[in-house]
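Down below is the structure, laid out as structure tokens.
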Amino acid sequence: MESALDCLTTTIQALPSDSLIVVDFDETLWLRNSTEEYLNSLRPRWAAILVLAAIDLVGRWIWFGNHVSRHVYRDWCRVLLTTLFLPWSLPLWRWRAPRLASQWRNNELLRILSARPELPIHVATFGFNIVVGPLVRHIVPTARMSCAASLLFGYKIRKKGKRAHLEALLGLNDLTKAAVISDSEDDADLLEVCKNAFLIRWAKSQFKPAFSESYRPFYYTQRVKRPGGNYMCYGVLFEDVAFLWIALAWTMPFPVVGMLALLVVHLSFWVIYELGYFENDTAAAKREKAPNVPSGTAEAVRRMKSGPAWIVALLLGIAGGAILTRYNAQSVHGLQGLEWAQAFVGFCGIWLLYLIASRIAFWVYNRTNTELRAYVYVILQVFRSIGYTIIIDCNSVGGALLLALVFARWQPYLTYRFAGVYRPVSYRLLTAFYLIVLALSSAMVSLTSFFFVQFFVALSWSLLLAQTQLRELITRSSVSDKA
């Protein structure tokens, strides 16, 4: 680090008088990430956290599912949408800018740059002009913001790259002669074209994600318990919620609105279910001889807080209950014929009891021995799926679908507990299998009981989710027959 600084100092002092200096901002001129610090300054915190969680949840599915699209779109979505949702954030940021600029300015780099005050300094950042600008004015008042993202089209600078942007602004000749200072390999295109390029990571710089110690719903599920697989999308939305839609919303008077209500209600449930996940990896793991604890659990201890989790769960439950009882109250047991306000209050009470009961079930599961857990586990799966039929009307096809999901998830877990072998994806094919078995069992009583469009939609979706395992099974069977 010292040799790199010495080299940088010598280079800056030796630059011709017609040269210029291009400096990255985040974690270079300023020792923090401006986007994360801006997001961390949003108030009220709970509202900002909910918006950011929703962006990440939906965005991973629609906008930034891979590394490249994540680099281009994620920060832009987060800053744009939170600023629109919390419009007072920008004035508050400008008010805080002098203190923040002074607190984390890179005095070491500024000392080197001050040796040639006559050379123009151009700030090039993937950060946002409205965020970085107020800081730069208090760090290097003479610097020019030559490359920064706009609020409305912040993704463009990341797609285009700093080199292309600066080349169009300054000209290739001037850019080639410039001294470029950055800490990020994302600036490789710019560093390659410049004669005096410095990639330096500063000892005092730190990347600290926004609300890194604040509770965020679904964070533990997505990043710690089930990392890398986008489980909130493929495990919760495509499985839990989709099956609930087919089973319960199908027979509602207003099924589309019912689908929205079930989505929000299940997210409310998952917030509390996630507390059980976390407890299982902390308190419950101490009772096992060889616990399987995710690597990020220790770090998540600062994040996972039951109080905020219950608040989020209740808010989501209230929202889902309002939608459900406004249009489909007749589908909720015991609420038929009531006025909307009465039905809404009744549902909220029932849902609160359901959440408490599910939390107690997970609490009991986490405190039983590993052998007994094999049987308590099915109760958790009941709460996660078919337990909803205690609250909401369900026909025979819907009940069979949710029951098939319970059995399919339980069977691999039994194998894991008693045989030590666990295949986490096999239950998808088992769900379709159990659904067929339950349909045939029902057909023995009444041939027409399962011949509905709903059944074929349920079976088709089950097989679609299980297509990978189904192909593998067919392939293995073909190889076995040839042998």
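Considered as a group, the residues in the range 11-63 that are of a type in the set (D, E, K, R), part of a helix (DSSP H, G or I) and farther than 15 Å from Phe128 by Cβ include one that is nearest to the chain's Cα centre (by Cα), and that residue is Asp56. A Cβ distance below 6 Å, combined with a sequence gap of six or more or placement on separate chains, defines the contacts here; from the range 105-125, residues that are over 13 Å from Ala178 (Cα atoms) reach residues that are in a strand (DSSP E or B) and among the hydrophobic types (A, V, I, L, M, F, W, C) in the pairs Thr125/Ala148. Put simply, of Arg116, Arg99 the only residue that is of a type in the set (Lys, Arg) and modelled with pLDDT of 95 or more is Arg99.
Hey, does the range 32-43 have a residue that's of a type in the set (Gly, Ala, Ser), surrounded by fewer than 21 Cβ atoms within 10 Å (Cβ to Cβ) and over 24 Å from Arg99 (Cα atoms)?
Taking every residue of the range 32-43 in turn, none turns out to be of a type in the set (Gly, Ala, Ser), surrounded by fewer than 21 Cβ atoms within 10 Å (Cβ to Cβ) and over 24 Å from Arg99 (Cα atoms).
Summed over the range 176-188, the residues that are of a type in the set (A, V, I, L, M, F, W, C) and free of Cβ contacts under 8 Å to residues at least 24 places away in the same chain give a count of 1.
Would you mind stating whether Ser19 is over 23 Å from Phe218 (Cβ atoms), among the hydroxyl-bearing types (Ser, Thr, Tyr), modelled with pLDDT of 95 or more and surrounded by 13 or more Cβ atoms within 10 Å (Cβ to Cβ)? Working first, answer last.
Details: over 23 Å from Phe218 (Cβ atoms): yes; among the hydroxyl-bearing types (Ser, Thr, Tyr): yes; modelled with pLDDT of 95 or more: no; surrounded by 13 or more Cβ atoms within 10 Å (Cβ to Cβ): yes.
No.
Checked against the criterion of being at pLDDT 95 or above and hydroxyl-bearing (Ser, Thr, Tyr), the candidates Tyr388, Tyr375 yield just one match: Tyr388.
Regarding Thr83, is this residue touching a Ser or Thr at 6+ places or on another chain (Cβ under 9 Å), of a type in the set (S, T, N, Q) and touching a residue at least 12 places away in the same chain (Cβ under 8 Å)?
For Thr83, the condition - touching a Ser or Thr at 6+ places or on another chain (Cβ under 9 Å), of a type in the set (S, T, N, Q) and touching a residue at least 12 places away in the same chain (Cβ under 8 Å) - is met.
From the list Phe207, Phe211, Phe218, the lone residue that is surrounded by fewer than 18 Cβ atoms within 10 Å (Cβ to Cβ) and in contact (Cβ under 8 Å) with a residue 12 or more places away in the chain is Phe207. Would it be correct to say that Ser396 is within 19 Å of Val264 (Cα to Cα) and modelled with pLDDT under 95? Here the answer is no, as Ser396 does not meet what is asked. Considering only the range 225-271, state which residues are surrounded by fewer than 19 Cβ atoms within 10 Å (Cβ to Cβ) and either touching a strand residue (DSSP E or B) at 6+ places or on another chain (Cβ under 6 Å) or not in a helix (DSSP H, G or I) (or both). Arg226, Pro227, Gly228, Gly229, Asn230, Pro253, Phe254, listed by residue number. Screening Arg74 against (1) free of Cβ contacts under 8 Å to residues at least 40 places away in the same chain; (2) touching a Phe, Trp or Tyr at 6+ places or on another chain (Cβ under 6 Å); (3) assigned to a loop (DSSP other than H, G, I, E, B) leaves a single unmet condition, (3). When Leu166, Leu191 are screened for being under 19 Å from Leu119 (Cβ atoms) and without any contact (Cβ under 8 Å) to a residue 12 or more places away in the chain, only Leu191 passes. For the range 1-16, the set of residues classified as surrounded by fewer than 11 Cβ atoms within 10 Å (Cβ to Cβ) and touching a residue at least 60 places away in the same chain (Cβ under 8 Å) consists of Met1, Gln13, Pro16, listed by residue number.
The values are calculated or read from the model by the stated rules, or taken from the named source; none is laboratory data. This is a predicted model, so every value here is computed, not measured. So basically every Cβ, Gly included, is an ideal-geometry build from the backbone, and we count neighbours across all protein chains shown.
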